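No lab work stands behind these numbers, since they all come straight from the coordinates. The structure displayed is predicted, hence computed values, not measured ones. Glycine also receives a Cβ, built like all others from the backbone with ideal geometry; neighbour counts cover every protein chain displayed.
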Amino acid sequence: MALYIVEADCISCGDCEPVCPTMSITEGSIVFKIDKKTCTECDGDFDIPQCVKVCPVDNCILPLEA
Amino acid sequence: MNSQAALSRELALRIGLAARALPDTDAKRLLSVLTACVGLPITEEKIVGINLKNLKTAVAGEFLDVDEPLLTHALSILKSDLHTHTDVQERQAYVDGDMPGSVRIACASNDGINVDGHFGSCSQFMIYQVSADEARLIDICGTDSPDGLEVDDKNVFRAELIQDCQILYIASVGGPAAAKIVKLGIHPMKLPGIESIADIIDRLQTVIAGTPPPWLAKVMGIDATDRFRFEREATG
């Protein structure tokens, strides 16, 4: 279980990076990206994923298909 | 008398914007200098009379170490309503499809030259169609609501005026208004200070000519397969 950032929609604002409790978000060569190995969807830390909460673009951060 | 109570809304906004154009200056600091220059109440008529020298020497040289071009710029913002340049600019013809690989931008402006407007109060939106090597002023969109028409939500009304634009440049915008802009599919860009529309177009053209970020490529209608090309180069 992990989230991913839709590359075509990310505006590289960087708001999501500091709110990630597992520090899974980094700035990639094009847009920001989430490390699927460490992303927990904030399970155990928060009720809802913090990156989704702060992201200004709708449907930019989505769950990876299992 | 309270100095702020005597200010017109428009003038108060211009003082705020002018203060932002100056380093380490908030509206309060600029207001105290202006008060020293012309006395209370501050009015449009008195502002016109202020020159660079007044501004520099007021309050024992409060602004003495500020660069002159910045002060001149701040002064022009303060006086902007009285020097409207809009008539000078001519609209250019544009038909959809004229400029492939272009993007339509709206600039919130009061003087028609700079992006100096607050979204909710600017007098006009300057609409440009911009491609890598061309920029056309295709419309100047006034923001007065038509006579007799009751507008429910001023910000929605304004956003709908520029609904066919992909990007909106503003000097300032409130949070709820920004959300309404985004909802209509327009990408708001709040600038850190006042900038000329020409500079913004210049910068945007550099971006379009280079590798536009994916979200921009998307709104410009560049095909996802073409986008992939430079994504791969960038990651490579």
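For chain B, the 222 nm mean residue ellipticity estimated from helices alone, with every DSSP H stretch of n ≥ 4 adding -39500 (n - 2.57) and the total spread over all residues, rounds to -12000 deg cm²/dmol. The HN-Hα couplings worked out from phi for the stretch B:207-213 by the Karplus form 6.51 cos²θ - 1.76 cosθ + 1.60 (θ = phi - 60°) are 5, 5, 5, x, 10, x, x Hz, whole numbers, x standing for Gly and Pro. In this simple spin-label model, placing a label point 7 Å from the Cα along the Cα-to-Cβ direction at both B:LYS190 and B:THR211 gives a separation of 3.0 nm. For chain A, the cysteines with no partner cysteine C-beta closer than 4.7 Å are A:CYS10, A:CYS13, A:CYS20, A:CYS39, A:CYS42, A:CYS55, A:CYS60.
Under 5 Å between amide hydrogens, built in the peptide plane, is the criterion, and for B:TYR169 it picks out B:ALA106, B:CYS107, B:ALA108, B:MET189 among residues at least 5 positions away or on other chains. Which of A:LYS37/B:LYS183; B:LYS154/B:LYS218; A:LYS53/B:LYS190; A:LYS53/B:LYS28; A:LYS37/B:LYS218; B:LYS28/B:LYS56 have a Cα-Cα distance over 27 Å? In this structure, A:LYS37/B:LYS183; B:LYS154/B:LYS218; A:LYS53/B:LYS28; A:LYS37/B:LYS218 lie more than 27 Å apart at Cα. The charge dipole of the stretch B:9-82, taken about its Cα centre with unit charges on the Cβ atoms of Lys, Arg (+1), Asp and Glu (-1) only, comes to about 140 debye.
With the simple model of a label 7 Å out from the Cα in the direction of the Cβ, A:ASP43 to B:GLU45 spans 7.3 nm.
Once C-alpha pairs closer than 8 Å and six or more residues apart are averaged by separation and normalised to the residue number of chain A, the relative contact order reads 46 percent. Spin-label pair A:VAL57-B:VAL182: with each label point 7 Å from Cα along the Cα-Cβ axis, the two points sit 1.1 nm from one another.
Per-residue ellipticity at 222 nm computed for chain A from its helices equals -1500 deg cm²/dmol, with DSSP H segments shorter than 4 residues left out and the rest contributing -39,500 (n - 2.57). Loop sites by DSSP among the GluC sites (Glu not before Pro) of chain B, restricted to those with at most 15 other Cβ atoms within 10 angstrom, leave B:1-89 as the longest stretch without any of them. Compactness of the protein assembly as shown is given as radius of gyration and Dmax, 22.6, 69 Å, from Cα positions.
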